[in-house]
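A.B. asks: Questions regarding the structure given below will be posed in turn.
The values are calculated or read from the model by the stated rules, or taken from the named source; none is laboratory data. On a predicted model such as this, the values are computed, not experimentally measured, just so you know. Cβ atoms come from the backbone with ideal geometry, glycine included; neighbour counts cover every protein chain shown.
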Amino acid sequence: MRELLPDQLKAAWSDVEAGRITAEEFEHRRVQWLGEYEHRWSAALLLEGRPDLKTSLLAEIGDYLHCDDPSEVERRCRGAVGTLATEWNQQVAAGERTSVEGYYDRSESYLYDLMWWHSLVDDDGPLAYVTALDFATGRACHDVLDFGAGVGAGGILFARSGFRVTLADISSMLLRFSRRRFESRRLSAQFIDLKTAALPSASFDIVTAMDVFEHLADPADTAERVWRALKPGGLLFARIHAEDDPDRPQHIVRDFEPTFERMRALGLVETWRDGWLWGHQLFEKRRV
């Protein structure tokens, strides 16, 4: 299996502490390795004829939402966090599932926010998908579910690498946009609207759930649904964490201990943790 970036950084820092390399050499390696991850991410998402990832993603969202002014699209992307918070506070009854689901079904601001996040301009967190891809490749996985798939970028990364991809989300709008992105790249995938369809049982070798559980009215119940969708021995790659952030009122869960308790009871066993970059964990479904 390709060496994982968080593990590379951990080992390199041990070399610093042992005096085998300097802190400056560590930083040089960190920048180089992150650059390799960024290249893999950008190569998967970049549309033909676009010079860079940001330009490509802005063009996609502008075309979809019928805005042909790239500067205006970027302005909306950069302001999406504030717009989301205002919309949420005005429109959503916190804790009410139908209210939460309805918001995600109609908010174009969330689409702008996710596409900007995937551009890596402000945050390299989406690169955790590359770590998930390396896990999946190293474990000879074939069927992947991106749970809470958003705008489909992680699914595109996996599809480019030859995986059978399924995207699931509660937002019909985001699923329509994701379907269009796959079609424009001549990639195939299955799409599940979680408002109207259930996840198939024992169908996936790996499930990715990137920054999803903090948005859910019942994350413990969702963990069980994901567990049922995994094949025996299947993997869940997820970041199950959220901090207090007034700019993100849509993060409605802070305490995940009930979720982890349910996962332990089901036999989802943590086998790896990223303590160096983004804080994701890998869980394996015990074989009966």
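A.B. asks: Taking only pairs six or more apart or across chains, which ones have beta-carbon atoms under 6 Å, a first residue in the stretch 48-67 that is closer than 20 Å to Asp124 by Cα, and a second residue that is basic (Lys, Arg) and part of a loop (DSSP other than H, G, I, E, B)?
C.D. replies: Close Cβ pairs satisfying both conditions: Ser56/Arg50.
A.B. asks: Cβ-Cβ under 7 Å, sequence separation 6+ or interchain: first residue in the stretch 216-236 and within 11 Å of Leu199 (Cβ to Cβ), partner assigned to a helix (DSSP H, G or I). Which pairs?
C.D. replies: These pairs meet every condition: Thr222/Phe213; Glu224/Arg262; Glu224/Leu266; Trp227/Leu266.
A.B. asks: If Asp63 meets every condition in (1) surrounded by fewer than 16 Cβ atoms within 10 Å (Cβ to Cβ); (2) touching a Gly at 6+ places or on another chain (Cβ under 8 Å); (3) assigned by TED's automatic domain parsing to the domain that holds Leu111 apart from one, which number is that one?
C.D. replies: Here Asp63 clears every test but (2).
A.B. asks: So which helices (runs of 4 or more DSSP H) stay within the stretch 107-190 end to end and still have 1 or more residues that are more than 16 Å from the chain's Cα centre (by Cα), surrounded by fewer than 16 Cβ atoms within 10 Å (Cβ to Cβ) and in contact (Cβ under 8 Å) with a residue 60 or more places away in the chain?
C.D. replies: 128-138, 172-184
A.B. asks: Next question, about the same structure. Looking at Asp211, Asp244, which is the one that is surrounded by fewer than 17 Cβ atoms within 10 Å (Cβ to Cβ), assigned by TED's automatic domain parsing to the domain that holds Leu174 and under 25 Å from Trp88 (Cβ atoms)?
C.D. replies: Asp244
A.B. asks: Further question on the same structure: Check Leu47 against each of (1) in contact with a Ser or Thr (Cβ under 8 Å, 6 or more places away or on another chain); (2) assigned to a helix (DSSP H, G or I) and name the one condition it does not meet.
C.D. replies: Only one criterion is unmet by Leu47, namely (2).
A.B. asks: Hey, another quick one. Considering the stretch 79-94 alone, what residues qualify as being closer than 22 Å to Ser172 by Cβ and in a loop (DSSP other than H, G, I, E, B)?
C.D. replies: Hits for the stretch 79-94 are Val92, Ala93, Ala94.
A.B. asks: Consider the stretch 66-82. How many of its residues are within 22 Å of Arg176 (Cβ to Cβ) and surrounded by fewer than 12 Cβ atoms within 10 Å (Cβ to Cβ)?
C.D. replies: Number of matching residues: 2.
A.B. asks: Please enumerate the residues belonging to the stretch 18-33 that are surrounded by 11 or more Cβ atoms within 10 Å (Cβ to Cβ) and either of a type outside the set (Phe, Trp, Tyr) or within 16 Å of Trp278 (Cα to Cα) (or both).
C.D. replies: Ile21, Thr22, Glu25, Glu27, His28, Arg29, Arg30, Trp33
A.B. asks: I'm trying to understand the selection: among the residues of the stretch 195-226, which are farther than 22 Å from Ala265 by Cβ and modelled with pLDDT under 95?
C.D. replies: Lys195, Thr196, Met210, Asp211, His215
A.B. asks: Select the strands (runs of 3 or more DSSP E) contained entirely in the stretch 204-281, then report the ones holding at least 1 residues which are more than 28 Å from Lys10 (Cβ to Cβ). Explain how you work it out, then say what you get.
C.D. replies: Working: elements: 204-209, 230-238, 268-273.
Hits in the stretch 204-281: 204-209, 230-238.
A.B. asks: More than 26 Å from Gly82 (Cβ to Cβ), in contact (Cβ under 8 Å) with a residue 12 or more places away in the chain, among the polar types (S, T, N, Q) and surrounded by fewer than 16 Cβ atoms within 10 Å (Cβ to Cβ), is that true of Thr271? Steps first, please.
C.D. replies: Working: more than 26 Å from Gly82 (Cβ to Cβ): yes; in contact (Cβ under 8 Å) with a residue 12 or more places away in the chain: yes; among the polar types (S, T, N, Q): yes; surrounded by fewer than 16 Cβ atoms within 10 Å (Cβ to Cβ): yes.
For Thr271, the condition - more than 26 Å from Gly82 (Cβ to Cβ), in contact (Cβ under 8 Å) with a residue 12 or more places away in the chain, among the polar types (S, T, N, Q) and surrounded by fewer than 16 Cβ atoms within 10 Å (Cβ to Cβ) - is met.
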